[in-house]
Structures are given as C-alpha cells and as structure tokens.
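**Student:** Before I ask anything, let me first share the structure, which is written out below as structure tokens.
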Amino acid sequence: MSAVAQAERQPAIAAGLDHDAIVIGAGMSGLYQLIKLRELGLRTRVFEAGTGVGGTWYWNRYPGCRFDSESYSYGFSFDKELLRDWSWTEHFASQPETERYLNLVADKYDLRRDIQFRARVKAARWDEEGRRWTVELEDGSTHTARFLITAIGALSAPTMPHFPGMADFKGLSFHTGMWPKEPVDFAGKRVAVIGTGASGVQTIQEVAKTAAKLVVFQRTPNWCAPLHNAKIPPQEMDDIRARYDEIFKRCEETFSCFLHTPDPRNTFDVSAEEREAFLEKLYGERGFGIWVGNFKDLLTSRAANEEVSRFVADKIRQRVKDPKVAELLIPKNHGFGTRRVPLETRYYECYNQPNVTLVDSKATPIERITPGGIRTSDAEYAFDIIVYATGFDALRGAFDRIDFRGEDGVTLKETWKDGATSLVGMLQDGFPNMFMLLGPHTALGNIPRSIEFNVDWVTDLLRHAQQTGATRIEATEEARARWMEHVMDVATGLLSMEVDSWMTGVNINVAGKQNRIVARYTGSAPTYRAWANDIAARGYQGVTMG
Ligand code: N01
C-alpha cells in the first residue's frame, strides 16, 4: 500500500488535537520526516517560514553556492527510484540544481499538501495533562499535536554584524543566508563582501568575475583548498548510479559520512618525500580529501598539523602573486583543518585580478556603514552592493529563536543556559515528545547522511510507541548525562577545540557566545550511530515511555 493510501486509512487524530505530529521546517530533514510519518499513518503538519521547500538550499541562493560534498554522496539514499531517475550534472551541484532536486522529491511524494508555507514558528509549549504540544506561529495562530519534531537545521539562523549606520546604506545589501529570489547583477558594480568563511569564499570567486570593483573585508583568513569540480557526463552518471550501494555503504563506514576518511598513517610515519607526494595528491583531488582524508593525526598532533599547514601555506604563496596579500590570506592563529575548510575554485587567483582588493579587517576594522559604502579605521570605500557573508548562530541558534517551553513551563533556553545538552542530539529530558533532527550533538559531517539516520531513528521510536500504546516519550536525565559525558570526552585533545569558530560555539555577533564550548559532537559518525542504535536495541533504554 502506498504511504499516501496508508495515511488516508488511519483513524482520527487523538481527540482534541489538530494533528498527530508537527514538524518545524521543510528542508531535507523535514521533507524526509514527513514521508516517514505518513508511513506510520501520523497526520502531520509541517510549518515552514519560506515560500518553498529546501531549507538551506532554499535560503542560500548567493552567487556560487554549491555543495562541498560529492553530489552523489549528498542526495537522499532511501528511494531507489529517485536514485535511478535523477542525474547530477556536476560532482558538486550548484544551489539551483539542489533546489530543483528537493522540489522533485516534494512533487513525487505530494508533500506540499501537508506543508504550510510562510509559517514561522514563534513558540511551542508542552501541556502535560493533554500530552500535547501547542505551537504558535508568528501570525498568532496556534496548532496542537501529540509529537513535535524540529527540523530547523544546524546552520540556519543567519547573523548580521552590528556596525553603526547599516540601516542608512543607500545601495543594496544582502546576507548570504537570506538571499533574494531575483538574480542580483554584479556586472559593473562596486561590491563589498564582509566575511571569508565557506559562504564568503564561494561568493567572492563568483562576484569577482563580473564586478567592476570587489573589496573583501577579511577578519580571519581560513585555510581553503581546491574543490576540483567538474561536469558529470551521462556515461559517468550511469557508472555512479551503478555504484550507489557501494557509495552509501562507504559513507556509512567513514568518520564523517563523506567519501573521504582519515588515512590510517600518522604524518611522520612516512618519509618527507612520501609525505609531500601524499599531500600533493590530496591537494589535486576532488573534495574534502585534504581535510578529512589526510593523515589521521592531522587534528590531534601539533607537529603534524604544522606540517600540513606549511604545505598549504606554500600553495597559497604560489597562487597569489603579491606576497603581502598572500601572507594576509594565510591563517596565522589556527592550523589547517581546525576550522571548517572552505573548498574553492580559483579563489586565491581572484586576488591577482586588478578589480579585487583584500582589506585586513583586524588591522583596519570596519567602523561604520555609511550611506555610500564602508568606513574603516583608515579609509572610506564607496559601494553599490554590500554582501554580508557573516555566518550563522550555529547549532543551537535556530532553537534559541523559538520559545520552547517543556515540563512546568521551563524554557529550553533556561535548560541550556550552561550549554546545550541532549541524548544523542535528538531528545532532551524535560521536553517530552519533542524530537530534534540535527539537534546539538548529532553527528554532522556529510549532513544528509545524518539526517537520514536521525529521521529513521525517530521514526522507529515513534513506531515502537505506537506498538506499545505509549503517548509520552522522554529521555531520562541519567541517559542524557551519560551521553554528554561521552560528547565531552571525545572532544578532549582536539586542536579544533583551541580555535574560535561556529564549531566551538563562538559567534562575535551574538551576545553570550564569545567563549569556546563543546558545541558539537566530534566523535565519529559510526560511534554516534552505534550509541543511538544501542538505545533502540535495548528497548529504548534511557527513554521513558508511557
Ligand atoms: O559562516 P562562517 P559561513 N565583522 O561563520 C566574518 C556551511 N556552509 O556562512 O572568522 C567582520 O564560517 C567571520 O570572521 P571571523 C559550512 O559548514 C557550507 O561562511 O569571525 N567579519 C567569518 O569570516 C560553513 O562552515 C557550504 O573573524 C565578520 C565570516 O564572517 C558554515 O556553513 C557553503 C563579522 C563568517 O564565516 C558557515 O559558513 C557555505 C563582523 N562583525 C556554508 N561577523 C557548502 O557546503 C562575522 N564575520 C558549500
């Protein structure tokens, strides 16, 4: 029986409730969760702030936006028909292609009939007596359901800087994560890009092609490495299609669900010549190999990290003609891979172009946005367009923007005042019947692989509840504490823990997020999954159901 037919046959929703389940967000996790909830026969409503599906791939329409994971390792794996019918055109698909793909999924499963667009969730409150969640939208309407599933993303709450004068700018300005649907024409324009993370790097290399003048305001350089994107001819796509089982099996086995995984050797196990040849090979290969397929001690041994950093710094020096600009582009306060490595296509060569200028925003900070442009401590620049590539309030940011209230009206913010906690990223005691997809301390890496695991795990848990007649599900404090101990343990000794970035919970634009914390799960994806699967295998030990 089709999922749709199965859902139609279900008995009425529990008395007095509007829905069986509410899902917040229609990105990849919300879409897949909706499909799985229909299979369980749960009448589900998805609330989505945007006007279309896609989440990250709906909001991030900035020029040059594309995957850093190989396309065929990123798409959904659950639907064999979709794998057979869909062809990726590039090894690293662009945002428009990915948005088309996700719309095709929505069409195929007729998902939109259960999705309410332009519906931003403002608050969600647990009612113990009724065993239900009441969700309030920004338009003031309220909606009840037995189960609440957050599919709100890990990098989905954009953050703006707080420069004086921003509102007075007379030109156009955009945040990369809230990009307009209408194309922005940069040809012949004077453009500023603030920020040099993965979004900034992709934007810069695209805008540099047509802008009359591009000024990049860089506070902290990142270690970038070549993406080596290429078209996928039909014959190669056929070959990829034939290998899908092998590809997804590989993703299941690797540390971060990518096709790449750490080399079993340590950096200094091999001779200098062998090391150089290996690094050269990685630098010449597609994707994240240089970061997550490098020597296994890259992110734990200072000496190893310095060696790889030296190699990549030399590459930057070779690629950037002006030695002063090259030095500015080489990170000095953190080693290679200790922050997210943006993958690039001729990014460094942009700085050899006469229309591109790099400004060191640490040495000469931005003082204000003026009606005509940007004033730094030592110069005034005129711009037509300012792009804020200033990142996200990552990981828990999307949770902080919704007023979640659990048992006894306690807010999630209060519960997480000393840092977010969870049981395997998906449950939080005190918040019964709430399930977090890509919540804090889920395995990240190649995100859709984690999404599929999270959704399947939550679906199995709800199926178990259906079978046992349970209507209330909550993590125990002890199970959550044990998991958090593990989260803290695996972060010990990692060089990335010594560096400010969204991965360590730091965002200079958000009050209270200036200090490094263990903000994410840093163990391997297989270890993460084994822990979650073990809970299920023991009849959901650590989760109370009644
Ligand atoms: O954000 P970021 P992002 N004044 O936080 C600067 C994923 N992603 O959107 O580092 C001046 O990395 C800030 O400077 P500093 C990916 O996981 C994936 O680029 O704080 N500058 C930094 O340079 C990625 O890691 C893909 O000194 C300010 C930049 O803005 C994550 O999203 C593509 C400033 C923010 O960098 C986030 O990437 C894109 C200020 N007040 C993103 N505030 C793909 O898979 C901030 N900055 C391809």
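The values are calculated or read from the model by the stated rules, or taken from the named source; none is laboratory data. On a predicted model such as this, the values are computed, not experimentally measured, just so you know. Virtual Cβ from ideal backbone geometry, glycine too; neighbours counted across all protein chains shown. The area values use the complete protein model at the heavy-atom level, side chains included, leaving out ligands, DNA and RNA. Shrake-Rupley method; radii C 1.70, N 1.55, O 1.52, S 1.80 Å.
**Student:** Go through Arg368, Arg340 for me and flag whichever is within 15 Å of the ligand (Cβ to nearest atom), touching a Lys or Arg at 6+ places or on another chain (Cβ under 9 Å), open to solvent by 60 Å² or more (accessible area, probe 1.4 Å) and among the basic types (Lys, Arg). Spell out how you get there, then give the answer.
**Tutor:** Values: Arg340 fails: touching a Lys or Arg at 6+ places or on another chain (Cβ under 9 Å).
Unique residue meeting the criteria: Arg368.
**Student:** May I ask you to list pairs of residues, at least six apart or on different chains, whose Cβ atoms are under 6 Å apart, with the first in the range 172-193 being more than 20 Å from Glu380 (Cα to Cα) and the second being open to solvent by 60 Å² or more (accessible area, probe 1.4 Å) and away from the ligand (no atom under 16 Å from the Cβ)?
**Tutor:** That search, which allows pairs on different chains as well, returns Phe186/Thr210; Ala187/Thr210.
**Student:** Which of the helices (runs of 4 or more DSSP H) contained wholly in the range 45-86 include at least 3 residues that are in contact (Cβ under 8 Å) with a residue 12 or more places away in the chain and within 15 Å of the ligand (Cβ to nearest atom)? Spell out how you get there, then give the answer.
**Tutor:** Numbers: elements: 56-59, 71-74, 80-85.
In the range 45-86, the matching helices (runs of 4 or more DSSP H) lie at 56-59, 71-74.
**Student:** In the set Asn515, Asn454, which member is part of a helix (DSSP H, G or I) and not aromatic (Phe, Trp, Tyr)?
**Tutor:** Numbers: Asn515 fails: part of a helix (DSSP H, G or I).
Going through Asn515, Asn454 in turn, just one is part of a helix (DSSP H, G or I) and not aromatic (Phe, Trp, Tyr): Asn454.
**Student:** Still on this structure: Would you mind stating whether Val490 is open to solvent by 10 Å² or more (accessible area, probe 1.4 Å), in a loop (DSSP other than H, G, I, E, B) and β-branched (Val, Ile, Thr)? Don't jump to the end; show me each part of the working.
**Tutor:** Values: open to solvent by 10 Å² or more (accessible area, probe 1.4 Å): yes; in a loop (DSSP other than H, G, I, E, B): no; β-branched (Val, Ile, Thr): yes.
So Val490 does not fit the description; no.
**Student:** Given the criterion among the aliphatic types (A, V, I, L, M), more than 22 Å from Phe92 (Cα to Cα), more than 11 Å from the ligand (Cβ to nearest atom) and in contact (Cβ under 8 Å) with a residue 24 or more places away in the chain, identify the matching residue among Ala212, Ala225, Ala167, Ala208. Even if it seems obvious, please write down each step before you answer.
**Tutor:** Details: Ala225 fails: more than 22 Å from Phe92 (Cα to Cα); Ala167 fails: in contact (Cβ under 8 Å) with a residue 24 or more places away in the chain; Ala208 fails: more than 22 Å from Phe92 (Cα to Cα).
It is Ala212.
**Student:** Taking Phe258 as the residue in question, decide whether it is surrounded by fewer than 21 Cβ atoms within 10 Å (Cβ to Cβ) and touching a residue at least 12 places away in the same chain (Cβ under 8 Å).
**Tutor:** no
**Student:** Turning to a different aspect of this structure: Look at the range 185-198 and say how many of its residues are away from the ligand (no atom under 13 Å from the Cβ) and under 14 Å from Pro63 (Cα atoms). It would help to see each step written out before you state the result.
**Tutor:** Quick first cut of the range 185-198, residues away from the ligand (no atom under 13 Å from the Cβ) only: 185-191.
When the remaining residues are screened for being under 14 Å from Pro63 (Cα atoms), the result is 185-187, 191.
Adding up the residues that qualify gives 4.
**Student:** If we keep just the residues of the range 170-184 that are open to solvent by 50 Å² or more (accessible area, probe 1.4 Å) and within 27 Å of the chain's Cα centre (by Cα), which is nearest to the ligand (Cβ to nearest atom)? Spell out how you get there, then give the answer.
**Tutor:** Of the residues in the range 170-184, the ones open to solvent by 50 Å² or more (accessible area, probe 1.4 Å) are 170, 172-173, 178, 181-183.
When the remaining residues are screened for being within 27 Å of the chain's Cα centre (by Cα), the result is 172-173, 178, 181-183.
On the way: Leu172: 19, Ser173: 14, Met178: 11, Lys181: 18, Glu182: 21, Pro183: 19 Å.
Ranking the candidates gives Met178 first.
**Student:** Additional query: With respect to Asn433, is the statement that it is buried (at least 20 other Cβ atoms within 10 Å of the Cβ), touching a Lys or Arg at 6+ places or on another chain (Cβ under 7 Å) and under 17 Å from Ile152 (Cβ atoms) true?
**Tutor:** Values: buried (at least 20 other Cβ atoms within 10 Å of the Cβ): yes; touching a Lys or Arg at 6+ places or on another chain (Cβ under 7 Å): yes; under 17 Å from Ile152 (Cβ atoms): yes.
Yes: the conditions hold for Asn433.
**Student:** For Ala491, state whether it is away from the ligand (no atom under 15 Å from the Cβ) and in contact with a strand residue (DSSP E or B) (Cβ under 8 Å, 6 or more places away or on another chain).
**Tutor:** For Ala491, the condition - away from the ligand (no atom under 15 Å from the Cβ) and in contact with a strand residue (DSSP E or B) (Cβ under 8 Å, 6 or more places away or on another chain) - is not met.
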